[in-house]
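Please treat every number below as a calculation from the coordinates, not as lab data. No experiment lies behind these values; they were computed from the predicted model shown. Note: ideal-geometry Cβ built from the backbone for every residue, glycine included; neighbour counts use all protein chains shown.
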Amino acid sequence: MGISVALVVVVIAGVIALGSTYPFHASCKLDWTVSTNCSAAMTAIENQFTAWADDSNCPQHDNERCFYTLKSKNGDTIKGTHKTPVKEYVDDLTFTFTTSGQSCKIHGFSTSETWYAVLDYSTNYCNLHNLAEGAGLTKMAGFTETTSDSICTQYSSRNCDKY
Ligand SMILES: *[C@@H]1O[C@H](CO)[C@@H](O)[C@H](O)[C@H]1NC(C)=O
């Protein structure tokens, strides 16, 4: 009895430790703020999906800034996918835009379609960040980005030049 209780405690502690480091499934949630209206921010993201739809921006398939597909734009939400150019893993992307005074708050979510993926070398983060950078959001006045390892897989070891 004592042993099984101890074992349960150890297992629970292990699960909590893993779960507090990264999400259980390879994914990334983040929040951006930009000092622009949401319709301009939405258009910028939408246009970037189109600009990077094929592989013209990664002809050697050696960077991730390509193979974005816009799936829908409804009200304040844009949905799409990103496919990695080499292994062709597909991630689902959702952007939600909320007006806040003179700013637009954008919630980004990227999640791997591969059900067993846990680690992703920060691919889900880069799916979101690269698109925002390409769209010019990261250079806009008042740009901020908020996320952390517990909600964004391998954020602190991110390498968006590669992944
Ligand atoms: C949003 O901002 C853009 C760019 O500054 C501007 O052209 C547009 O008129 C604004 N739209 C609204 C609805 O305020």
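Laid out as a table, the results:
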quantity	calculated
Cross-link partners of K87 among lysines (Cα-Cα below 26 Å; sequence separation of 8 or more within a chain)	K29, K71, K79, K162
Inter-label distance, nm, simple model (7 Å from Cα along the C-beta direction), Q60/V86	1.2 nm
Dipole in debye (nearest 20) - the stretch 23-157, about Cα centre, beta carbon charges: Lys, Arg +1; Asp, Glu -1	320 debye
Extension gain, T69 back to T114 (0.36 nm per residue minus Cα-Cα distance, nm)	14.5 nm
12 Å cut-off, amide nitrogen to a point 7 angstrom out along T146 Cα→Cβ, residues in the stretch 100-139	105-107
Cα-centre dipole for the stretch 118-163 with unit charges at Cβ (Lys and Arg positive, Asp and Glu negative), debye to 20	80 debye
Rounded tilt (10° steps) of 2-21 against the dominant C-alpha axis of the chain	10 degrees
Approximate spin-label separation N37-S157, in nm, with each point projected 7 Å along Cα-to-Cβ	4.5 nm
Space enclosed by the convex hull of the alpha-carbon atoms of the stretch 23-157, per residue, Å³	98 Å³
Residues in the stretch 120-142 reached by a label modelled at Q102 [backbone nitrogen below 18 Å; 7 Å Cα→Cβ]	139-142
Ranked packing of 120-129, 80-89, most packed first, by mean Cβ within 10 Å	120-129, 80-89
